[in-house]
1. Can you tell me how many residues within the stretch 195-217 are surrounded by 15 or more Cβ atoms within 10 Å (Cβ to Cβ) and in a loop (DSSP other than H, G, I, E, B)?
2. Which residues, counting only those in the stretch 1-21, are more than 26 Å from Arg216 (Cα to Cα) and either charged (D, E, K, R) or open to solvent by 70 Å² or more (accessible area, probe 1.4 Å) (or both)?
3. Is the stretch 54-65 home to any residue that is farther than 20 Å from Ala217 by Cα and of a type in the set (A, V, I, L, M, F, W, C)?
4. May I ask you to verify whether Ser47 is closer than 23 Å to Arg11 by Cβ and either under 17 Å from the mean Cα position of the chain (by Cα) or surrounded by fewer than 20 Cβ atoms within 10 Å (Cβ to Cβ) (or both)?
5. Assess whether Ala104 counts as being away from the ligand (no atom under 16 Å from the Cβ), more than 23 Å from Arg38 (Cβ to Cβ) and out of contact with any Leu (no Cβ under 7 Å at 6 or more places or on another chain).
6. Starting from residues that are crowded, with 19+ Cβ neighbours inside 10 Å and in contact with a helix residue (DSSP H, G or I) (Cβ under 7 Å, 6 or more places away or on another chain), keep the ones in the stretch 91-105 and report whichever is farthest from Ala28 (Cα to Cα).
7. Is there any pair with a first residue in the stretch 27-43 that is touching a residue at least 40 places away in the same chain (Cβ under 8 Å) and buried (at least 20 other Cβ atoms within 10 Å of the Cβ) and a second that is part of a loop (DSSP other than H, G, I, E, B) and among the basic types (Lys, Arg) whose Cβ atoms are under 8 Å apart and which are 6 or more apart or on different chains, and what are they?
8. Restricting the search to the stretch 123-162, which residues are more than 16 Å from the ligand (Cβ to nearest atom), open to solvent by less than 40 Å² (accessible area, probe 1.4 Å) and among the β-branched types (Val, Ile, Thr)?
Amino acid sequence: MDVELRIASMRERIAEAARRCGRSDDIALVGVTKKHPRETVVLAIESGLHDVAENYVQEARAKYVDLPPARRHFIGHVQTNKAKAIVETFDVVQSIDRLDAGRAIAKAARTLGKPVRALLQINISPTERFGVDPADARALAERLRVDEGLPIDGVMAIGPQTEDRNEVARAFERAAETFAEVGGTTLSIGMSGDWEQAIRSGSTMLRIGTALFGARA
Ligand SMILES: *Cc1c(COP(=O)(O)O)cnc(C)c1O
């Protein structure tokens, strides 16, 4: 199946899943293109995808040259020494997981005069290394908003890598509760293996790689 068909079919499946749980609000579909070539990113955008995401800034910089218009999301770990490159390359930084990272991104945004949308990455899974403890998320968001002027627009989380659906559901509920505390418009949860569960938990943004672009090398 080609990328255009997969995107269309994924959109239908998302709409169906949303209907099944009585939702009629918009759910954004972000195409995660890490380890796929630039042609795939271009094709995805030309097929109507409005949002694309990458995990590594160097990889993205090379692939995003002369890219058709799309919202670019950074979903990898924020290294403070790469903050300027991240802000230059991306429109949304989904992975602010500590004060340092938020400060560096805010500073880079000021220096470059480029507004950046940011989400807090929260940790809801024992298998994940990064992310702020949900209990500390609200305080971190407030601090970054007030002290740094960084507009924190919600939360992002990676679900636990497990076959246990209940564990995934519990983790996503935690993310939804944290989103309610943090505020903003975006709850970015749901990947290729758990997006239906994420929709049931209120996800407003799915980050899908494998299900759209195939397995990564
Ligand atoms: C790789 C990645 C995704 C996409 O994962 P798939 O399982 O391929 O859909 C989503 N979010 C983050 C943060 C990722 O690193």
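1. The qualifying residues number 5.
2. Passing the criteria: Glu16, Arg19, Arg20.
3. yes
4. yes
5. Criteria met by Ala104.
6. Ala104
7. Qualifying pairs under 8 Å: His36/Arg216.
8. Ile152
The values are calculated or read from the model by the stated rules, or taken from the named source; none is laboratory data. Not measured: the values here are computed from a predicted model. Don't worry about glycine lacking a Cβ; one is built from the backbone with ideal geometry, like all the others, and counts go over all protein chains shown. To get the accessible areas, we keep the full protein, side chains included, count just its heavy atoms, and leave off ligands, DNA and RNA. Shrake-Rupley method; radii C 1.70, N 1.55, O 1.52, S 1.80 Å.
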